[in-house]
1. Normalised by the number of residues in segment A:30-78, what is the relative contact order in percent for Cα pairs under 8 Å and 6+ residues apart?
2. Would you work out the charge dipole size for segment B:30-78 about its Cα centre, treating the Cβ of every Lys and Arg as +1 and the Cβ of every Asp and Glu as -1, and quote it to the nearest 20 debye?
3. Could you tell me which of rounded, prolate or oblate describes the protein assembly as shown, using a ≥ b ≥ c as the square roots of the eigenvalues of the alpha-carbon gyration tensor, with rounded for a/c under 1.5 and, failing that, prolate when a/b is larger than b/c and oblate otherwise?
4. Estimate for me the total accessible surface buried between chains B and A (protein heavy atoms, probe 1.4 Å, no ligands or nucleic acids), in Å² to the nearest 100.
5. With unit charges on the beta carbons (Lys and Arg positive, Asp and Glu negative) and the dipole taken about the Cα centre of the protein assembly as shown, which residue among A:221, A:60, B:285 sits farthest to the positive side?
6. Gaussian network model of chain B, Cα springs within a sub-10 Å range: biggest mean-square fluctuation belongs to which of B:206, B:47, B:157?
7. Check chain A and count each lysine pair with an alpha-carbon distance under 26 angstrom, considering only pairs eight or more places apart or from different chains.
8. Charges at C-beta only: +1 for Lys and Arg, -1 for Asp and Glu. How large is the resulting dipole of the protein assembly as shown about its Cα centre, in Debye rounded to 20?
Number of protein chains: 2
Amino acid sequence: MTSKSTATAESAEEARRARRARPAKRARPAKRASVTDVAKLAGVSVGTVSNVLNRPEHVAAGTRERVRAAIQELAFVRNASARQLRSGEIKTIGAVVLDIANPFFTEMARGIEDRLAQDDFTLMLCSSDENPEREARYLRLFEEHGVQGVLAVPSHGSIDALISLRKRNIDVVLLDHTSPLPDLASVAVDDVGGAALATGHLLDQGHTRLAFLNGPLTLRQCVDRRDGVVQTLLSRGLDPAEALIEIPLETLNADGGDAAMRALLAWPGPRPTATFCVNDLTALGALRALRDLGVAVPGEMAVVGYDDVNFASMLATPLTSVRQPMYKMGWTAADMLLRRHGSDEPAEQIEFAPELVVRGSSVAEAG
Amino acid sequence: MTSKSTATAESAEEARRARRARPAKRARPAKRASVTDVAKLAGVSVGTVSNVLNRPEHVAAGTRERVRAAIQELAFVRNASARQLRSGEIKTIGAVVLDIANPFFTEMARGIEDRLAQDDFTLMLCSSDENPEREARYLRLFEEHGVQGVLAVPSHGSIDALISLRKRNIDVVLLDHTSPLPDLASVAVDDVGGAALATGHLLDQGHTRLAFLNGPLTLRQCVDRRDGVVQTLLSRGLDPAEALIEIPLETLNADGGDAAMRALLAWPGPRPTATFCVNDLTALGALRALRDLGVAVPGEMAVVGYDDVNFASMLATPLTSVRQPMYKMGWTAADMLLRRHGSDEPAEQIEFAPELVVRGSSVAEAG
DNA sequence: GCTCAACCTTGAAACGATTCACATCTGCTG
DNA sequence: CAGCAGATGTGAATCGTTTCAAGGTTGAGC
């Protein structure tokens, strides 16, 4: 805990305080001006003030200006609660992601925000930490606030809560998760396809023995990506039992990748010439191990990652990786909510295709 | 735009649709239950329902249970707007950062969120993109919503808007920016001190000629960090004119750092033995250039960065860097808002001290 | 001069929770 | 048994906006 008040800030404060003659102990709470106040000052009825605010074209120019002047003078600001209470409308949507500190969701959040800004909506953003209770609490808060819709990356087993929200007539779009119900909209990325892209790329380079550094099969992503790898091998006429070594990762980070790669290199029998890592952190660790052990990349071992994190392109050997359109997912999900609201169309279920970004870790001549 | 609907999702939808007999064209809007409905069902008055909700201890056990049952049955959810309109209270605060997609602010946001969660507050989070207009728009939305307080990383020239918000009795805490007024609370990090830490560390290692890869002096951070460097040199009896080469960066990213380092190595005259980079991206580029040109790190050139981004520790030569307590800043700012609300105490102005994380890029034997 | 439409404006009735002054009931004290 | 306190419950008033039926003006057309 290293915090301190700066000396400069404090002395500046004292200087000001001395200069100021505080009349009252504390400034009066200064209640906000209401439409009534504005109406009084402008000499019109509250209805007219409301019209100036919401349908200015229905108000005579003179009156309109008078009201506007009064609004200025009183620094009137609409009370969103009263507005919503009466009109039922609220320009807010809620989003729950697993963790806003994770760049993955952060990019998504940015997409959501940008789409909302177009329609002057505000965003309530929360992290569930994959804790269904915490998620439920946030969903309830959203509902109390009467949000127009909810975007959610469901944490394990929380889908029911979202379905019941949908039943109470709140629009819901699932993020990064395909919808189990036709009523529920969703935006996801095709993980099977992403892994297939990576695998296909390595096979195209002439590799015939691959390693796959994979995480626990309790994660949907790991299962899907494995499916993608296996399907691709089969479709190219290769037998996974021969062409593939799958190494389980202790942890889904750089150290896990490092350890797994060392295990792979110590393996008896013919060494694979290419490695597909289930994410970029893992690939980073694998690259580190390869460098430490003097294995040339991509010459002796090609490496492909997944996620295309920001530093993938900045590494000593830039990492080939599968890029997921997170920003676009967020943007699209928000767009579905805003466009679809109140319409009769069935819920859309979109799946985006990921994209392979080829760099130097898998192809010698690439960037 | 590569999007597609999955075949599986569609066939699943058709299957369900066939099974379902849709009675009405569209489910009735199903108005939410209100306290009145609950009161009616439980056979009590609305006042009692409100009491069960807000002061359950004032209600007899039997009645309380009856009301709770009714709430359950009707799936009653409070209407936050009505609640706020009457009671004036709202458990929401707004935050504007420059860009939520930036890990820097993201970590801060996470700190804010975690503190708010303790008090069941919700967060409205927005990115200003350093656009004062966009920021002003968000601040107005916050004000309309009647938020309890606002946390803001001010964009250039937007402080006035924040001050006027403060005048209208909305609590404001400035983030990552020292407050210009005693009335305005703030939480910042000491950039001068951070640069002094880095510089002191390099001098401690015996270096006497330093390079400083710095960004444009229109950024406060760059100015402050430069001050820290210069002050430290002076306080150790070194003449900056001799001991320091400052290289301006074209761009504040890896490529800028790469180019600047190449320029530095091409410099005539004695080569510095240590480089301080104004941020980690720049340092990453510098390290890349050093490796490409065969200069040993830290043997021939020690490198220190700033920000301690997530990958600093994962590089081939792990990067020594200055870590700023972003999470703690966010947490503390939110805490100030929640604790201070309505109290009479003067606004706090806190400045956190950054921390030097020593790794292999500046000390051979370090991690 | 009458009619009619177009245009403005009005003001009271919502919206749904909270609050608070007031009723009612119970049991206890002196 | 009057008096009183404490516990429990009531319901009308209130918050600040939007909505909408209805009223008032104006001017054109006949």
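1. 48
2. On the way: 8 positive and 4 negative charges, 28 e Å.
Dipole size: approximately 140 debye.
3. It is oblate, given that a/c is not under 1.5 and a/b is not larger than b/c.
4. Separately minus together, B and A give about 7200 Å² buried.
5. Positive-end residue among those listed: A:60.
6. Result for chain B, Cα springs under 10 Å: B:47 fluctuates most.
7. Step by step, the pairs that qualify in chain A add up to 4.
8. Result for the protein assembly as shown is approximately 3560 debye, rounded to the nearest 20.
The values are calculated or read from the model by the stated rules, or taken from the named source; none is laboratory data. Please read these numbers as outputs of a predicted model, since none were measured by experiment. Cβ coordinates were reconstructed from backbone atoms using ideal geometry, including for glycine residues, and neighbour counts include every protein chain displayed. Remember, those area values only see protein heavy atoms, side chains included, never the ligands or the DNA or RNA. Shrake-Rupley method; radii C 1.70, N 1.55, O 1.52, S 1.80 Å.
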